[in-house]
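Worksheet: the structure to be examined is printed underneath.
The values are calculated or read from the model by the stated rules, or taken from the named source; none is laboratory data. From a predicted model like this one, the values you see are computed outputs, not experimental measurements. Ideal geometry is used to build each Cβ from the backbone, glycine not excepted, and the neighbour counts take in all protein chains shown.
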Amino acid sequence: VLPAAVMDSIIIQERLVERLLSPRTQAQRSHPAKLKDHEKQYVGFATLPNQVHRKSVKKGFDFTLMVAGESGLGKSTLVNSLFLTDLYKDRKLLNAEERINQTVEIVKHTVDIEEKGVKLKLTIVDTPGFGDAVNNTECWKPITDYIDQQFEQYFRDESGLNRKNIQDNRVHCCLYFISPFGHGLRPVDVEFMKALHEKVNIVPLIAKADCLIPSEIRKLKERIREEIDKFGIKVYQFPECDSDEDEEFKQQDRELKESAPFAVIGSNTVVEAKGQRVRGRLYPWGIVEVENQAHCDFVKLRNMLIRTHMHDLKDVTCDVHYENYRAQCIQQMTSKLTQDNRIESPIPILPLPTPDTETEKLIKMKDEEVRPL
Ligand code: GDP
């Protein structure tokens, strides 16, 4: 029951591939036997994207999303709204006393969802207890440790013998929920994001945006953007839009970038608004629609996460965050080796062949024979 999102992204990719293929090469693809003379000049590598597409659809996709932020900010409701699943059926909520010395837990929920034949293995990493204790010093530590452990596991698997079936549990994105009730970031928000920004793609969100009027949302967004700059926090940067994209796409991309940090609303209920059944929140004074772009940025967030940027989030995780971890690991391993005064290289060097004495003797004899008298 995944939203049309994943399938739409596949359709978009398909259209791109179609665009890449000239009509002639498409004809070749469907009727290879009926090639006309001028079509024979085509080797056929224009169908390569199609082969990749087929293979990846067959293999399925995976995505790991982390949600973090103080409890009660609507994280579970938003995740359910995003993926139209009920991931939190068995959740046990703690009372105030139990939360005094609350430690941050890491809870993983995995669901296999399928939409029009495309499979997605979605893992949600929840962090209940974050920011809930009386003393929240270093409450992000279990979260950074978890992210590092996943990198470590991947590093080990990659260096092992069976590299074909590596399970990738690295966290591709972290949705960080900011309270709508403050005047910007709280110290714990700053500390959390600073502790994690080199390890994971952070997407900050303003939670429960229905608690604020539009001008308040604008002000809070501005404030958060300023503070993110001031404290040198590196949140996920949307990639530059290609110059050959059409105007509509460029406009959407601009709007997406201007809307950050997204102000979101979640709801687990479907209500009736103007004769239509929509996901929303029913108040005595009206209905807040989750998927109405005039009400909040939920659709922008969902499109970004699923339709347009899922692949980029995975690429940045692999090429930037994991590479940093890997480089650090290798550096530590090498410096440890030099400290131990061991001359061996961490990379096994093949022994050079030692010339055998018989061959040497023979060469000497031949040299003697050919030497001029
Ligand atoms: P979590 O502890 O962060 O996972 O928060 P929950 O998803 O359990 O939500 C806590 C409470 O906030 C519940 O009563 C939700 O119905 C409510 N809630 C969730 N999302 C929103 C929202 O967008 N706006 C408002 N006003 N309330 C919300």
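Picking from residues in the range 268-292 that are assigned to a loop (DSSP other than H, G, I, E, B) and over 24 Å from the mean Cα position of the chain (by Cα), the one that is nearest to the ligand (Cβ to nearest atom) is 268. Residues that are within 16 Å of the ligand (Cβ to nearest atom) and charged (D, E, K, R) were ranked within the range 56-76; the one that is surrounded by the most Cβ atoms within 10 Å (Cβ to Cβ) is 75.
What's the total number of residues in the range 255-273 that are without any contact (Cβ under 8 Å) to a residue 40 or more places away in the chain and touching a strand residue (DSSP E or B) at 6+ places or on another chain (Cβ under 9 Å)? Step through it out loud before you land on a result.
Taking the range 255-273 and keeping what is without any contact (Cβ under 8 Å) to a residue 40 or more places away in the chain, we get 257-258, 269-273.
Imposing the further condition that a residue be touching a strand residue (DSSP E or B) at 6+ places or on another chain (Cβ under 9 Å) reduces the set to 269-273.
The qualifying residues number 5.
None of 225, 281, 218 is farther than 30 Å from residue 120 by Cα and touching a residue at least 12 places away in the same chain (Cβ under 8 Å) except 225. Output the residues belonging to the range 206-224 that are within 18 Å of residue 82 (Cα to Cα) and touching a Gly at 6+ places or on another chain (Cβ under 8 Å). 207, 208, listed by residue number. When 216, 245, 226 are checked against the criterion of being modelled with pLDDT under 90 and either surrounded by fewer than 16 Cβ atoms within 10 Å (Cβ to Cβ) or polar (S, T, N, Q) (or both), a single residue qualifies: 245.
For (1) modelled with pLDDT under 90; (2) away from the ligand (no atom under 12 Å from the Cβ); (3) surrounded by 13 or more Cβ atoms within 10 Å (Cβ to Cβ); (4) of a type outside the set (Phe, Trp, Tyr), each residue gets a yes or a no:
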| position | (1), (2), (3), (4) |
| --- | --- |
| 87 | yes, no, yes, yes |
| 91 | yes, no, no, yes |
| 105 | yes, yes, no, yes |
| 112 | yes, yes, no, yes |
| 126 | yes, no, yes, yes |
| 141 | yes, yes, no, yes |
| 147 | no, yes, yes, yes |
| 156 | yes, yes, no, yes |
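The criterion of being closer than 21 Å to residue 109 by Cβ and without any contact (Cβ under 8 Å) to a residue 12 or more places away in the chain does not hold for residue 168.
Quick check on the range 188-205: of everything there that is more than 14 Å from the chain's Cα centre (by Cα) and surrounded by fewer than 23 Cβ atoms within 10 Å (Cβ to Cβ), which residue is farthest from the ligand (Cβ to nearest atom)? Going through the qualifying residues, I end up with 194.
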